[in-house]
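Enquirer: After the structure tokens below, expect a handful of questions from me.
The values are calculated or read from the model by the stated rules, or taken from the named source; none is laboratory data. None of these values were measured; they are calculated from a predicted model. Backbone-built Cβ (ideal geometry, glycine too); neighbour counts: all protein chains shown. Please note that ligands, DNA and RNA were not included when accessible areas were found on the heavy atoms of the full protein model with its side chains. Shrake-Rupley method; radii C 1.70, N 1.55, O 1.52, S 1.80 Å.
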Amino acid sequence: MLDALGPWRRYLIGFLAAVALMSAALLGAYLWASQQLQRNLQLADGELLYTVPAGASLASVSRELEKQGIIPSARLLRLYARLTKQGGIRRGEFQLDESLNSITLLAKLRSDDVVQYHITLLEGWRYQQALDYIHSKANIKAELKGLTWDEQKQKLGIELEHPEGYFFPDTYRYQNGESDVAILKRAHKKLQSILQREWQNRAEALPYKTPAEALVMASIIEKETAQDSERETISGVFVRRLQKNMRLQTDPTVIYGMGDRYKGNIRRKDLREATPYNTYVIKGLPPTPIALVAERSIYAAMHPDNSNYLYFVAKGDGSHKFSATLDEHNRAVREYQIENRKSNYRSAPKS
């Protein structure tokens with residue numbers, strides 16, 4: 001009976017041996033694959049700023065990385081991605097270093113951990129200054145360059161007759177290749193949010209019918225001073241002048257109305273020139289803001305002080321002397337702009 005089972009015993013032993021060999025081979029393959037996937041990236045300088053272009057696939061990226069000798073096997077990385085259902089990667093710039101391996105590299109390429117850049121738009125700038133500065137950044141896509149405002153606002157999705165003042169000055173993060181449209185949309189949205197919040201919390205009896213008028217006032221305050229302690233005081237002067245039907249008579253509006261003709265000086269004839277922005281000629285507010293506006297100026301426009309000041313004059317150091325009467329104001333003008341005028345005098349902070 002035992003002899004009859006002999007051939008089957010040999011077959012069984014052979015089968016078990018084959019299974020053992022196959023298992024050993026599979027284990028060896030698994031250990032090898034695991035070792036390759038966990039091998040650190042090979043980078044010539046220890047790190048690399050790597051760009052995944054729009055529309056790129058894991059297949060194309062992995063092939064390029066293997067070709068450059070950064071990963072050991074593109075096929076192995078793709079197989080791992082299929083088995084773990086991690087096929088999709090995102091576009092952008094990624095900072096790679098030698099602490100990464102193929103597994104952690106895949107996780108990084110699927111994450112939001114893209115390289116971020118920063119751009120700062122300054123309060124007091126005109127819209128065109130901000131746009132020119134954005135276009136000076138080579139890694140921002142200039143979709144608005146050379147377009148008229150009517151063409152720009154179509155791309156921005158903004159229904160404004162004039163862009164001035166409707167973009168919030170702040171520091172914005174962006175990715176390589178992001179557009180000027182995307183950045184300005186965020187700046188406009190932030191401005192609208194702050195303006196509406198401050199409008200809801202404004203003081204009573206202000207001479208503004210709309211948030212837009214308050215924004216015009218805020219832009220004038222912005223150009224008159226950079227000193228936070230003066231903003232509500234200057235706001236109070238202008239609010240009281242509006243309430244008394246007095247002209248604002250503020251130089252920054254004259255300068256804005258002059259446009260490129262302004263060369264650093266305001267002459268008497270400039271003060272008499274009838275432009276929509278010359279508040280020495282027109283009564284009330286000019287038709288649009290005259291600059292990008294900081295949040296603190298928006299707040300000041302909505303919360304003027306309750307003093308009795310109606311005049312102020314620049315002292316030459318960026319601050320102002322405030323007066324309640326014309327006689328007091330004229331004495332201040334003589335003191336700060338005639339008798340004691342310094343070589344480094346400036347009527348308002350530089351912007």
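Enquirer: Go through region 43-78 and count every residue that is open to solvent by 60 Å² or more (accessible area, probe 1.4 Å), touching a residue at least 40 places away in the same chain (Cβ under 8 Å) and either in contact with a strand residue (DSSP E or B) (Cβ under 8 Å, 6 or more places away or on another chain) or over 16 Å from PHE94 (Cβ atoms) (or both).
Expert: The total comes to 3.
Enquirer: Restricting attention to region 305-351, report how many residues are part of a loop (DSSP other than H, G, I, E, B), open to solvent by 50 Å² or more (accessible area, probe 1.4 Å) and either at pLDDT 90 or above or basic (Lys, Arg) (or both).
Expert: Within region 305-351, residues that are part of a loop (DSSP other than H, G, I, E, B), open to solvent by 50 Å² or more (accessible area, probe 1.4 Å) and either at pLDDT 90 or above or basic (Lys, Arg) (or both) number 9.
Enquirer: Further, regarding this structure: Only one residue in THR210, THR250, THR171 is among the polar types (S, T, N, Q) and within 26 Å of HIS320 (Cβ to Cβ). Which one?
Expert: THR250
Enquirer: Return the total of residues in region 229-251 being surrounded by 14 or more Cβ atoms within 10 Å (Cβ to Cβ), part of a helix (DSSP H, G or I) and modelled with pLDDT of 95 or more.
Expert: Looking only at that region, the number is 13.
Enquirer: When region 171-188 is examined, which residues are found to be of a type in the set (Gly, Ala, Ser) and either in a helix (DSSP H, G or I) or more than 25 Å from ASP112 (Cβ to Cβ) (or both)?
Expert: Answer for region 171-188, where residues must be of a type in the set (Gly, Ala, Ser) and either in a helix (DSSP H, G or I) or more than 25 Å from ASP112 (Cβ to Cβ) (or both): ALA182, ALA187.
Enquirer: Working only within region 122-170, note down all residues that are open to solvent by less than 70 Å² (accessible area, probe 1.4 Å) and over 24 Å from TYR277 (Cα atoms).
Expert: Once the filter is applied, which keeps residues that are open to solvent by less than 70 Å² (accessible area, probe 1.4 Å) and over 24 Å from TYR277 (Cα atoms), region 122-170 yields ILE134, HIS135, LYS137, ASN139, ILE140, ALA142, GLU143, LEU144, LEU147, LEU156, GLY157, ASP170.
Enquirer: Just to verify a result, which residue in region 193-207, among those that are under 25 Å from ASN245 (Cα atoms) and without any contact (Cβ under 8 Å) to a residue 40 or more places away in the chain, is surrounded by the fewest Cβ atoms within 10 Å (Cβ to Cβ)?
Expert: Top of the filtered list is GLU204.
Enquirer: Let me ask something else. Out of all the residues in region 119-137, which are touching a strand residue (DSSP E or B) at 6+ places or on another chain (Cβ under 8 Å) and free of Cβ contacts under 8 Å to residues at least 60 places away in the same chain?
Expert: Correct list: THR120, TYR133, ILE134, LYS137.
Enquirer: Still on this structure, please answer the following. Mind checking whether some residue in region 189-204 is within 30 Å of ALA314 (Cα to Cα), assigned to a helix (DSSP H, G or I) and touching a Pro at 6+ places or on another chain (Cβ under 6 Å)?
Expert: Yes, there is a match, as at least one residue in region 189-204 is within 30 Å of ALA314 (Cα to Cα), assigned to a helix (DSSP H, G or I) and touching a Pro at 6+ places or on another chain (Cβ under 6 Å).
Enquirer: Looking at region 104-118, which of the residues that are open to solvent by 50 Å² or more (accessible area, probe 1.4 Å) and touching a residue at least 40 places away in the same chain (Cβ under 8 Å) is farthest from ASP45 (Cα to Cα)?
Expert: HIS118
Enquirer: Something else now. In region 248-284, what residues are in contact with a Leu (Cβ under 9 Å, 6 or more places away or on another chain) and of a type in the set (Gly, Ala, Ser)?
Expert: Hit for region 248-284 is GLY284, nothing else.
Enquirer: Take VAL181 and tell me if it is among the β-branched types (Val, Ile, Thr), over 30 Å from ARG231 (Cβ atoms) and touching a residue at least 60 places away in the same chain (Cβ under 8 Å).
Expert: no
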